[in-house]
1. If you scan the range A:223-238, which residues turn out to be more than 19 Å from A:THR366 (Cβ to Cβ) and either buried (at least 23 other Cβ atoms within 10 Å of the Cβ) or touching a Gly at 6+ places or on another chain (Cβ under 8 Å) (or both)?
2. So, A:LEU148, is that one within 26 Å of A:VAL320 (Cβ to Cβ), more than 10 Å from chain B (Cβ to nearest Cβ) and not hydroxyl-bearing (Ser, Thr, Tyr) or not?
3. Just to verify a result, which residue in the range B:104-118, among those that are more than 10 Å from every other protein chain (Cβ to nearest Cβ) and within 15 Å of the chain's Cα centre (by Cα), is surrounded by the most Cβ atoms within 10 Å (Cβ to Cβ)?
4. If you go through the range B:1-14 one residue at a time, how many are within 10 Å of chain A (Cβ to nearest Cβ) and polar (S, T, N, Q)?
5. Among the residues of the range B:76-98, how many are crowded, with 22+ Cβ neighbours inside 10 Å and either within 16 Å of the ligand (Cβ to nearest atom) or in a loop (DSSP other than H, G, I, E, B) (or both)?
6. Taking the range A:117-140, which residues are within 7 Å of another protein chain (Cβ to nearest Cβ) and assigned to a helix (DSSP H, G or I)?
7. If you go through the range B:28-75, how many residues are assigned to a strand (DSSP E or B), within 14 Å of chain A (Cβ to nearest Cβ), under 23 Å from B:ARG141 (Cβ atoms) and away from the ligand (no atom under 16 Å from the Cβ)?
8. Of all residues being among the small types (Gly, Ala, Ser) and in a loop (DSSP other than H, G, I, E, B) in the range B:1-27, which is surrounded by the fewest Cβ atoms within 10 Å (Cβ to Cβ)? Just the residue, please.
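The values are calculated or read from the model by the stated rules, or taken from the named source; none is laboratory data. Bear in mind the structure is a predicted one, so any value in this text is a computation, not a measurement. Every residue, glycine among them, receives a Cβ derived from its backbone with ideal geometry; neighbour counts consider all protein chains shown.
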Amino acid sequence: MSVAIIGVGQTGYRRSFADKSSRELIWEAARLALEDAGMGIDAIDMVISGVAPDALAGEASVERTAMLGFGKPFLRINTGGVTGSSAVFAGNTFIRARRARAVLVVGLERMGQATSSQQVFNTIFDPVYEKDFPLTTITMAALRASMLMRLYGYTAMHWAQIASRSYRNALRNPLAHIHRDVSPEDVLNSPLLAWPIHRYEACPMSEGACAMVLVDEGMVGDRIPAWIQGAASITDSYAMGDRIHRPGATLVDLLSLKLAAQRAYAEAGVDRPREQLRAVELYSAFSSAEAMAYPALGLCASEDGPRFVEAQFTDPTLPVINPSGGPQGANPVSVTAMVRIAEAALQVREMAGERQVADVERAVATGQGGATQFSTVCVLGKRQAA
Amino acid sequence: MELVTIEGKWDFNYTYFAGESASRFFHELRENQRIMGTRCTKCEKLLVPARAYCDVCMSVTDEWVEVGPEGTLETFTIITTAFPGLPKPPIVMAYVTLDGADTALINLVHGMDLSDIEKAAQKLNALPRVRVEFIDEPKGRITDFSFKLI
Ligand SMILES: [Zn+2]
């Protein structure tokens, strides 16, 4: 049973939507996805919702007030940063298991209501051994970035180039939160948050909702599908300190992403990712997270990472990374991983407007959650997997 | 028309239960000023800080072994910007593998000259040896100790 995405709805992403309540954001994205799919809510068998830490919104179970239709099974998913992709994968699984023919997946991030998000992010760490330290999403990324610089020769300039490329891609994405032409020099000149991370390398705090309609192959009809060719979700140990000495699977090797990629590629029939994947939507909230994804996705060897960054600016045959601007353009945490799949779907469906990449037969979308103990990889294609 | 906003505040109190293994780890910090790990019965890795089970093998870790007090810095960050609700910068935070341990432990690095951040970063990049330093009156918390460059 093949599954296709035939509807994508996004509210767009901003620092805050003062003109919309939480339920209105959810409704808006769901409405747009159904419209894109040419379906009414009555044709939907099941609704799957994804919201990550409630404290970011200051509302417990924020999805509860936004029921979509009547008399359907409903479930909520929270796997941190991969909440959005986990929700899509759940829909994919229900359809493949023939428990549903059409699933509406909807995610919301409402962190515009939070006035101190890094303080909230500190609460996602272990209260016993970790919460007394200034561990946040930023410092967690910094601990890895410094390791990548030492091991593979990345420089502050590489981080700045990656961030600048994403900002400039986001200029072509009307849904992005940040529309600012940031040069690598601008990144390097922005204040240092936590060595080696500068302010302009850190992803923004964004909110907004994203929704998708997934159907079985018999329901695609005349709609334009993005076929889910491969989808894999892999866990790793929680403790980052436990991963430092693992041979071939250290803190910066992203073993879980690598295994997820291998599994998703095998399902999709991808064996030359660098040639077969034209568009890559990475869950890279920081440049260092993008660098860790290159070898995991088979785009280059770890030690060739810095050269791969440079080559992206000169070699048009390389896959286009984050044509949407990625999390640098908008980072609505709960839905960031869903947005990656949504954007990859738009690329495959040739509906990405000004940010459309040419000849996207296949695209890949990743997700990273928690202390990267959750990784997801989703391969989408114009055709069903052989 | 003016858009309405409504003020909110989450200010809940919690008591976190550390469990038996972490309680014993904290007890060792307070009473004996030593850092303990527990060995996995299956992969035989000495996990620090101590815990009840190895989450890779799903096996119990019931052999208690002292590690350190010296070790090697593995990776670090220097926090230079203040965030609401978090300690004031500059702060050096690092993963350190204490001698004898198979895993690295996170804590703060104290006593460094941070007047030149780039220079301090280069010093830490060399992965220096460090020593555990306890506070004068340990309370049985992970903050009872920090690392100091040797
Ligand atoms: Zn083990």
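1. If the condition is that a residue be more than 19 Å from A:THR366 (Cβ to Cβ) and either buried (at least 23 other Cβ atoms within 10 Å of the Cβ) or touching a Gly at 6+ places or on another chain (Cβ under 8 Å) (or both), then A:ARG223, A:PRO225, A:TYR238 are the ones that fit.
2. Numbers: within 26 Å of A:VAL320 (Cβ to Cβ): yes; more than 10 Å from chain B (Cβ to nearest Cβ): no; not hydroxyl-bearing (Ser, Thr, Tyr): yes.
Criteria not met by A:LEU148.
3. B:VAL109
4. Total satisfying the criteria: 1.
5. Counting residues in the range B:76-98 that are crowded, with 22+ Cβ neighbours inside 10 Å and either within 16 Å of the ligand (Cβ to nearest atom) or in a loop (DSSP other than H, G, I, E, B) (or both) gives 0.
6. The answer is A:GLN118, A:GLN119, A:ASN122, A:THR139.
7. First, the residues of the range B:28-75 that are assigned to a strand (DSSP E or B): B:35-39, B:46-47, B:53-54, B:59-60, B:63-67, B:70-75.
Okay, now just the ones that are also within 14 Å of chain A (Cβ to nearest Cβ), so B:35-39, B:46-47, B:53-54, B:59, B:67, B:71-75.
If we keep only those that are under 23 Å from B:ARG141 (Cβ atoms) too, we end up with B:35-38, B:46-47, B:53, B:67, B:71, B:73-74.
Applying the additional criterion that residues be away from the ligand (no atom under 16 Å from the Cβ) yields B:35-36, B:67, B:71, B:73-74.
Number of matching residues: 6.
8. Of the residues in the range B:1-27, the ones among the small types (Gly, Ala, Ser) are B:8, B:18-19, B:21-23.
Of the ones still in play, those that are also in a loop (DSSP other than H, G, I, E, B) are B:8, B:18.
Numbers: B:GLY8: 11, B:ALA18: 16.
Residue satisfying both the conditions and the ranking: B:GLY8.
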